[in-house]
Amino acid sequence: GPPAAVFPLGKYLLSQHASVAAVATLLIAWVAVGTVTLPAEIRFFGARFAFSRWTLAFVLSIALGLVMGVIM
């Protein structure tokens, strides 16, 4: 989804004492893991590439969120 749509949600979650790791994971996954665009990716790039990119983006969003939690 568009980043502008999730930033207010992230700010709200932080104000409700959610962890930085959880909010960072949400922000990264919201932008990188596009379930709406998945059919178009499959059509243009093939199913193997689309699902590989989707899976990698999902796993890396969790990993990067945990890294942000450690850094912050």
Taking 0.36 nm per residue of separation between F51 and L66 and subtracting their Cα-Cα distance, the length gained on full extension comes to 3.1 nm
Evaluate the relative contact order of the chain (contact order divided by residue number), counting alpha-carbon pairs under 8 angstrom at least 6 apart; express in whole percent. 42 percent
L14 versus F58, label points 7 Å from Cα toward the beta carbon: distance in nm? 2.7 nm
Across the chain, how large is the tail of the calculated P(r) beyond 14 Å, expressed as a percent of all Cα pairs? 62 percent
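Read-outs throughout are calculated quantities, based only on the coordinates presented, and are distinct from any laboratory measurement. Keep in mind it's a predicted model, so treat the numbers as computed, not measured. Neighbour counts are summed over all protein chains in view; Cβ atoms, including those assigned to glycine, are modelled from backbone coordinates with ideal geometry.
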